[in-house]
């Protein structure tokens, strides 16, 4: 099979011929149809995350067809499934027992410690694969599996906020803005300065206001979600929310947060992070998405164009999500 492989942090991915992997007893072998490119893939490729399994095949927003199954797997060949970031948990630690498997200390992640979907074939634990509603074709479904799931978990963490600010209007934001509007929330979109294309896109999706991250919203927000990996946005978002408001950091990696005066945290404002996702998140969100319905905007690339897709994502040249499409 063909695969785009990370051989060292900071280096471009290499196209390699790899043997087709054999599924273990609880695994399924998947013919990858499409795999979205996530900002977390950039953090893996750039070496921003610790303990990367090198060499590794990135990609954790996978849609494909099961072509073989291990003896203990509960998914039959021929089924279409999605494979997200969370690929394994121990099931025994305090976090797993307390319904916080996303915090499991022994968790392993697709495209990071487990070979992912930047390849023609992949294997995955059947317990961490999810049915994709027929409403979605393969390409349009891929961003739901990380951008959608992390966005959904971040939205839940924001509570019942009616006035919701979203900082960074990329793949996750364009999905979760639709869910928020469906829930009758008011969405305020903040983009990088001068990005009028993203601001127009946000308004098309139902945002009541869109502007630069350096601007102030026309009124105080009940909560804000930060998807952009920019630590300087945390004090900005704190200043934008009312007393008792919530600021959610929705990324796996963020640049250093600058010091800020206690006065903008005071007033029982809350700052919290979102770590990974759980299988419950996947089940809930993938059931909600076709009801909204969430419509994804995608930009297709061939497998061998993975490095180009990563660079377009890095430099903000995308409106929506980059997706690698297999022949």
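Identify all residues within segment 43-60 that are more than 18 Å from residue 119 (Cβ to Cβ) and either touching a residue at least 12 places away in the same chain (Cβ under 8 Å) or in contact with a strand residue (DSSP E or B) (Cβ under 9 Å, 6 or more places away or on another chain) (or both); write none if there are none.
Listed by number, the residues that qualify are 43, 46, 47, 48, 49, 51.
Can you confirm whether residue 74 is closer than 18 Å to residue 125 by Cα, touching a helix residue (DSSP H, G or I) at 6+ places or on another chain (Cβ under 8 Å) and touching a residue at least 24 places away in the same chain (Cβ under 8 Å)?
yes
Please find, among 303, 310, the residue that is under 18 Å from residue 172 (Cα atoms) and either in contact (Cβ under 8 Å) with a residue 12 or more places away in the chain or within 15 Å of the chain's Cα centre (by Cα) (or both).
310 is the lone residue from the list that is under 18 Å from residue 172 (Cα atoms) and either in contact (Cβ under 8 Å) with a residue 12 or more places away in the chain or within 15 Å of the chain's Cα centre (by Cα) (or both).
In this structure, is residue 67 assigned to a strand (DSSP E or B) and either surrounded by fewer than 17 Cβ atoms within 10 Å (Cβ to Cβ) or free of Cβ contacts under 8 Å to residues at least 12 places away in the same chain (or both)?
yes
So, in segment 129-144, of the ones that are touching a helix residue (DSSP H, G or I) at 6+ places or on another chain (Cβ under 8 Å) and surrounded by 24 or more Cβ atoms within 10 Å (Cβ to Cβ), which residue ends up nearest to residue 303 (Cα to Cα)?
Step by step, filter segment 129-144, then rank; the result is 143.
For segment 190-217, name all the residues that are under 20 Å from the mean Cα position of the chain (by Cα) and within 14 Å of residue 236 (Cβ to Cβ).
Of everything in segment 190-217, those that are under 20 Å from the mean Cα position of the chain (by Cα) and within 14 Å of residue 236 (Cβ to Cβ) turn out to be 190, 191, 192.
Need the failing condition index for residue 178 against (1) within 27 Å of residue 315 (Cβ to Cβ); (2) crowded, with 24+ Cβ neighbours inside 10 Å; (3) modelled with pLDDT of 95 or more, just the number.
Exception for residue 178: condition (2).
Condition first: modelled with pLDDT of 95 or more, assigned by TED's automatic domain parsing to the domain that holds residue 321, in a helix (DSSP H, G or I) and over 28 Å from residue 318 (Cβ atoms). Can you find one or more residues in segment 2-18 that meet it?
Taking every residue of segment 2-18 in turn, none turns out to be modelled with pLDDT of 95 or more, assigned by TED's automatic domain parsing to the domain that holds residue 321, in a helix (DSSP H, G or I) and over 28 Å from residue 318 (Cβ atoms).
Pull up segment 37-64, narrow it to residues that are in a strand (DSSP E or B) and over 12 Å from the mean Cα position of the chain (by Cα), then point me to the one that is farthest from residue 311 (Cα to Cα).
Checking each candidate, the answer is 64.
The values are calculated or read from the model by the stated rules, or taken from the named source; none is laboratory data. Fair warning: this is a prediction, and the values are worked out from it, not measured in the lab. Using ideal geometry, Cβ is built from the backbone for each residue, glycine included, and neighbour counts are taken over all protein chains shown.
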